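A short write-up of the structure that comes next.
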Amino acid sequence: MLSPESAAVVRASLPLVGEAIERITGHFYDTMFREHPELLDGMFNRGNQANGMQRQALAGSIVAFAGSLLTDPQSRPDALLARIAHKHAAVGVTEEQYAIVHKYLFGAIVEVLGEAVTPQVAAAWDEVYWLMAGALVAHEARLYVEAQVRPGHPWRSWTVVGRRQETVDVVSFLLRPTDGQAPPPVRAGQYVSVRVRMPDGVHQLRQYSLSSAPDGRTRRITVKRVGGDGTPLGEVSDLLHRTVRVGDELTLSAPFGDVVLEEEDAPLLLASAGIGCTPMVGMLEHLASAGSTRPTLVLHADRSPADHALRADTNRLVSRLPGARAQFWYEWPGAAEPGAAEPGAWAGRMDLGALDLPDGVRAYLCGPLPFMRDVRAQLLAAGVPPRHIRYEVFGPDLWLADDAA
Ligand SMILES: Cc1cc2nc3c(=O)[nH]c(=O)nc-3n(C[C@H](O)[C@H](O)[C@H](O)COP(=O)(O)OP(=O)(O)OC[C@H]3O[C@@H](n4cnc5c(N)ncnc54)[C@H](O)[C@@H]3O)c2cc1C
Ligand code: HEM
């Protein structure tokens, strides 16, 4: 809980800090990585550093957290904290590292804001930082226990037992634990971090949703090769595509992620676009193996049928679920379309107006941010309350930070 004295100072300095926070976090990262280069080896995603995404996410989350404390000093913006804690556990953040981040973040605040940082301002923001850090540390400690791993060491070696080219730029890898030991269970919708050594010797982590976890020992990730066409090729996705074959070993974290399929009877809507299909297919598989009869609408948008990864799996799983129905949208349905070969395919962008949304529907979204914003707006317009709409972002969650702020 934020003290009343600090609350007044934070309220007064929020505009100042909010306006400068991107410069502050930019400075913070530069100094921290210069003095702790080990954090860029096997922890921070240098792609996100290069494109500025992670900087915006950290900045947005702190301002959002401070803002919510001011509205209600006892408040804990749960969704924001859960999202960050799961991501932190998946990259192996430890309690000790919060002191490192604190040192460089506050050094950067003083550097950027100069004399505006009176001792009172520094103390008030210190309190905000440690309240947020305390909540995150507690959450992460629980996650490490649940995942049955040592704090900061979520890693285990997996052997690639299958590789399947899904589309021109998407490949699936089927994995089993290298030591043969059964890993702790997964919740449908979760992701793992994959830890790889790049050609320059630096380790990099990326998250991949489990597109299948058919039994206790087998897991599948489905990876799209990103970049190209004027932007740098995605370094990890490209490496996985080019170099990983059956028989190779991959280092994966335990599964984490707060956007999981809740076990309830309410009607379900799974809406994805592009590679956002992966957690949805994982959820569908879970429903099928549980013999679910839940009314389920499976919606997917893609460039074309040929680009639609896991399309056959989606159709197969939907056919095993008596309450499920699929509807696909393609920007370029192709010559044989619309509809001839596949009745559930329409041309254009996803349009919920063409469907009957059941009352009480629980929606899960995954895909590019503009897609999710659009579908979320359609759902809200159709009367679905925000608390019944969950979404997974395949990158730092800028949207959530925007929303909470
Ligand atoms: C929870 C979660 C689940 C995910 N699940 C999946 C999944 O199931 N399947 C999947 O394929 N992906 C998934 N992702 C995305 C995945 O983690 C990676 O982000 C993705 O594979 C790209 O990583 P990369 O190393 O190939 O690209 P990076 O090298 O990280 O590059 C990312 C982007 O930044 C651009 N970029 C890089 N350097 C620069 C630069 N200097 N200037 C400008 N732009 C630059 C690249 O062109 C590229 O478009 C998920 C992400 C999250 C957070
Ligand atoms: C109060 C302190 C902290 C805050 C507010 C914070 C905030 C965030 C946020 C908002 C994200 C993005 C989550 C998302 O994907 O949506 C993130 C990711 C991350 N954080 Fe933190 N964090 C804090 C402390 C730390 C510490 C102590 C470390 C370890 C040195 C750390 C390492 C990371 C890493 C490695 C990622 C993933 C980065 C990436 O994939 O680009 N964070 N954090």
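Here, each number is a calculation from the coordinates, and none is a lab measurement. Just so you know, these numbers come straight off a predicted model, no measurement behind them. Virtual Cβ from ideal backbone geometry, glycine too; neighbours counted across all protein chains shown.
Extension gain Asp229-Arg325, at 0.36 nm per residue separation less the Cα-Cα distance, in nm? Intermediate values should be presented prior to the final figure.
Values: separation 96, 0.36 × 96 = 34.56 nm, distance 3.56 nm.
Gain on extension, Asp229 to Arg325, equals 31.0 nm.
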So, with points 7 Å from each Cα along the Cβ direction, the His102-Asp248 label distance in nm works out to 4.1
Karplus 3J(HN,Hα) series, Hz, for the range 273-286 with 6.51 cos²θ - 1.76 cosθ + 1.60 (x for Gly, Pro): 9, x, 6, x, 5, 4, x, 5, 5, x, 5, 4, 5, 4
Rounded to the nearest 20 Debye, what is the dipole magnitude of the range 155-253 about its Cα centre when Lys and Arg each give +1 and Asp and Glu each give -1 at the C-beta? 300
Could you give me the ³J(HN,Hα) list for the range 231-237, computed from phi with Karplus coefficients 6.51, -1.76, 1.60 and θ = phi - 60°, whole Hz, x at Gly and Pro? 10, x, 4, x, 6, 7, 4
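Using Cα-Cα distances under 8 Å and only pairs 6 or more residues apart, what relative contact order does the chain have, in percent? Spell out each step's value before the answer.
Values: 682 pairs, mean separation 65.6, N = 405.
Here the relative contact order equals 16 percent.
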Sites Glu95 and Arg349, calculated FRET efficiency, Cβ-Cβ separation with R0 51 Å, nearest 0.05: 0.70
What order do you get for 369-375, 297-303, 350-356, 382-388 when each peptide is scored by the mean count of other beta carbon atoms within 10 Å, highest first? 297-303, 369-375, 350-356, 382-388
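Suppose every K and R has +1 on its Cβ and every D and E has -1 on its Cβ; what is the size of the dipole of the chain about the Cα centre, in Debye to the nearest 20?
Approximately 1060 debye in magnitude.
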Can you grab the distance from the C-alpha centre of the range 60-112 to the C-alpha centre of the range 209-250, Å, no decimals? 30
Whole-Hz Karplus couplings 3J(HN,Hα) for the range 364-374, θ = phi - 60° and coefficients 6.51, -1.76, 1.60, Gly and Pro as x, run 10, 10, 7, x, x, 4, x, 4, 5, 4, 5
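Per 0.36 nm of contour for each residue apart, how much would the distance between Asp265 and Arg23 grow if the chain were fully extended, relative to their Cα-Cα spacing?
Here the answer is 82.4 nm.
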For Ala301, what residues show an amide H to amide H distance below 5 Å, using hydrogens built from the backbone and excluding near sequence neighbours? Ser272, Ala273, Gly274, Trp329
Kirkwood hydrodynamic radius of the chain, Cα pairs, Å: 22.6
Multiply the residue gap between Asp179 and Ala79 by 0.36 nm, knock off their C-alpha separation, and tell me the result in nm, one decimal place. 32.5 nm
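Which of rounded, prolate or oblate describes the range 147-204 when judged by the alpha-carbon gyration tensor and an a/c cut-off of 1.5? Could you put the intermediate results ahead of the total?
Details: a/c = 1.73, a/b = 1.20, b/c = 1.44.
Taking the square roots of the gyration eigenvalues as a ≥ b ≥ c, the range 147-204 is oblate.
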For the range 4-147 the translational diffusion coefficient, Stokes-Einstein from a Kirkwood Rh over Cα pairs at 20 °C and viscosity 1.002 mPa s, in µm²/s, is roughly 136
